[in-house]
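Input: a single structure, listed below in structure tokens.
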Amino acid sequence: MSQSSDLQHAFTSRRDAFWQGIRDAMGAPVLVLLAGMIGFGAMGHTSGLDAWSTGLTSLLMFALPGQVVMLEMFLSGSSLLAIGFAVTLTSTRFITMVVTLFPQLHRRDRNLMLYVWVHLVAMTAWALSMREFPHMAPKHRLSYFIGMGLPCWLISLPGTVLGYFIAGWVPSAITLGLVFINPLFFLLTFTEVKPWANRIGIALGCVLGPAFFLWDADSSLLTTGLVGGTLAYAIDRRWLRTPPQEVKS
């Protein structure tokens with residue numbers, strides 16, 4: 001059976017793929033991201049920032065962990081150089097997202113416009129695209145990704161401003177807890193990806209994360225990712241990965 005006959009998404013055009021991406025985004029992905037941005041907006045309100053500064057942070061950065069780090073370091077009086085370095089470290093995850101996602105696009109879509117579309121890369125859009133890309137033709141993948149990422153990005157500004165103004169009406173524990181819904185949704189989505197290395201990495205992260213946090217809170221996230229990811233890859237490579245079958249003549 002050919003690879004094309006195994007595709008589940010037989011789109012008739014790029015436009016069809018784009019609208020399917022929008023339909024897939026307008027459910028849980030948008031709602032989860034909206035919840036996270038509402039939580040960040042509440043953080044901005046309690047920190048004394050104005051509504052538009054907080055909202056534009058979401059629109060221009062569109063990276064919730066980096067936004068939280070920037071806000072906390074700004075309020076603690078850190079220098080701009082230190083803030084920039086810390087936010088850069090939190091954003092290194094986008095390197096692996098880009099190098100795993102964009103090579104799957106059709107060759108003619110790998111052009112300078114990717115510098116525009118890369119702003120739409122986020123945990124949710126990346127995880128769902130990685131899950132769905134194998135089921136569609138390469139020529140439709142960029143259109144699907146844009147349809148998936150665009151609503152998520154556009155909801156960031158109104159979601160943040162909404163969270164800013166309702167911060168006084170809702171208990172702070174609830175509004176701040178909304179920030180963690182997006183990473184949780186990302187983890188649950190990634191458990192559906194077939195390679196066992198991903199699931200092992202998630203399990204190791206749950207175990208190693210608290211341990212490394214107690215050891216050194218500042219570097220715990222980076223250390224957990226490095227150690228847990230390396231162990232997950234090694235376990236999958238050594239014991240779980242099925243060796244390729246030799247083709248008999």
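The values are calculated or read from the model by the stated rules, or taken from the named source; none is laboratory data. From a predicted model like this one, the values you see are computed outputs, not experimental measurements. Neighbour counts run over all protein chains shown; Cβ positions are idealised from the backbone, glycine included. Side chains are part of the model used for accessible areas, which takes the heavy atoms of the whole protein and leaves out ligands, DNA and RNA. Shrake-Rupley method; radii C 1.70, N 1.55, O 1.52, S 1.80 Å.
What to note about this one:
- Matching residues, region 80-99, being modelled with pLDDT of 85 or more and not hydrophobic (A, V, I, L, M, F, W, C): GLY84, THR88
- Close pairs from region 115-144: first among the acidic types (Asp, Glu), partner at pLDDT 90 or above, Cβ under 6 Å, at least 6 apart: none
- Residue within region 65-75 that is closer than 24 Å to ARG93 by Cα, open to solvent by 10 Å² or more (accessible area, probe 1.4 Å) and not in a helix (DSSP H, G or I) present: no
- Remark: pairs (first residue in region 44-68, closer than 19 Å to ALA86 by Cα and of a type in the set (Phe, Trp, Tyr); second residue at pLDDT below 90 and buried (at least 18 other Cβ atoms within 10 Å of the Cβ); Cβ separation under 9 Å; 6+ apart in sequence or on different chains) = PHE62/ALA122.
- For LEU60, the criteria (1) over 19 Å from the mean Cα position of the chain (by Cα); (2) under 23 Å from LEU154 (Cβ atoms); (3) open to solvent by 10 Å² or more (accessible area, probe 1.4 Å) hold in every case but one, which is (1).
- When residues of region 1-48 are limited to those that are modelled with pLDDT of 90 or more and β-branched (Val, Ile, Thr), the one least open to solvent (accessible area, probe 1.4 Å): VAL30
- Residue identified as under 15 Å from ILE155 (Cβ atoms) and of a type in the set (A, V, I, L, M, F, W, C) among PHE74, PHE40, PHE94, PHE18: PHE40
- Hey, LEU81 part of a helix (DSSP H, G or I) and in contact (Cβ under 8 Å) with a residue 60 or more places away in the chain or not: no
- The residues in region 212-233 that are outside any loop (DSSP other than H, G, I, E, B), under 20 Å from ILE83 (Cβ atoms) and among the polar types (S, T, N, Q) can be counted, and the count is 1.
- Condition check for THR54: touching a Phe, Trp or Tyr at 6+ places or on another chain (Cβ under 7 Å) and either under 17 Å from PRO158 (Cα atoms) or not in a helix (DSSP H, G or I) (or both): yes
- Considering region 128-176, the residues that are modelled with pLDDT under 85 and open to solvent by less than 30 Å² (accessible area, probe 1.4 Å) include one that is nearest to the chain's Cα centre (by Cα), namely THR175.
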